[in-house]
Amino acid sequence: MVGEREAAGGARPAWRSRSAASQSKKASVASKLASMVTASSQDENQDSEGNMDDSLSMTQLIAELAKQQEVLKSRLTSTETIAGENFERLVTAESTISSLKAQNTLLLERLDDPENRSRRSNLRILNVSEGSEDGKDPTVFVSELLAEAMADVFTSPPPLDRAHHSLGLKPIVGKPARFHRYSDRELAFRWARQHEVKFKGNTLRVYPDLSAALAKKRATFNPVKQDLYQQGIRFRLLYPARLKVMFKGDTCNLIFETPDEANYFYEKQVLAQKGK
């Protein structure tokens, strides 16, 4: 009996040890599962936090881009406003400049006209040899020159208000002279246009005394004048700068204000008639 109890009593600790091992194993598995669940939860939390961080970064970036876009819009609007104002100022400036140029041209013409009218009694005599006056007063010398070179016009030296040298290359110089009587000036000028004026072996050239601006303006007719001369058509340059053309045997007198008008007439009328 005693032996059986002992035997029975010795067997109970072995069963208990197996049960304890089984419980320990279950606890270990449960601990591992809990650890896995915890780790998974932490990963999910980290992913969620990462997604939230990414979402916040995108929101901040969009907000920053929107802010920059507004700044650019503001700068663009300001630039357009400034450009518009500058364009208006430019248009106003161009209009003002055009108006000032027109006024300046008109004032120059008004200033040039009285200057040339004050010279209407003057003649410019060219190709006078340097030193021909032999120490005489220029006014007296030119008066005697006119009487000698234009003996058909002046029986005595015409009265002059003044005469002087003009700048030029030696040995040929010019002699501007102002006649006391305008009628004497016209007689001398017309005779010089129809005759050869000789003085001490030189052929003198006589021109009206004009301002540089008017002389330049009259010179613009030179090409068409040469063309008309070659065609045998008579013409005359009127004061201040107009071209009178005697066409078809003086039966048609035309006056042109500009060289372009005269050139158009020459091409359309003279050359066309010659071609026929």
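Just so it is clear, none of the values below were taken in a lab; they were calculated from the coordinates. If you're wondering where the values come from, they're calculated on a predicted model, not measured in any experiment. Neighbour counts are summed over all protein chains in view; Cβ atoms, including those assigned to glycine, are modelled from backbone coordinates with ideal geometry.
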Expressed in nanometres to one decimal, the distance between label points 7 Å along Cα→Cβ at residue 246 and residue 274 is 2.0 nm
Projected onto the charge dipole of segment 174-276 (unit charges on the beta-carbon of Lys, Arg, Asp and Glu, signs +1, +1, -1, -1), the Cα from 270, 180, 224 with the largest positive-side position is that of 180
Mean 1/r over distinct Cα pairs of segment 80-180, inverted to a Kirkwood Rh in Å, yields 17.6 Å
Taking placed amide H atoms and a strict 5 Å upper bound, the residues 5 or more places from residue 199 or on another chain that come that close are 204
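Per 0.36 nm of contour for each residue apart, how much would the distance between residue 96 and residue 162 grow if the chain were fully extended, relative to their Cα-Cα spacing?
Values: separation 66, 0.36 × 66 = 23.76 nm, distance 4.46 nm.
Answer, rounded to one decimal: 19.3 nm.
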Contour minus Cα-Cα span, residue 132 to residue 111, at 0.36 nm per residue, comes to 4.0 nm
With R₀ set to 25 angstrom, the calculated FRET efficiency between the beta-carbons of residue 195 and residue 237, to the nearest 0.05, is 0.85
The extension gain from residue 258 to residue 153, computed as 0.36 nm times the residue separation minus the Cα-Cα distance, is 34.3 nm
Simple spin-label estimate for residue 76/residue 180, 7 Å along Cα→Cβ, in nm, reads 8.6 nm
Simple SL model, points at 7 angstrom along Cα→Cβ for residue 144 and residue 226; separation in nm is 4.0 nm
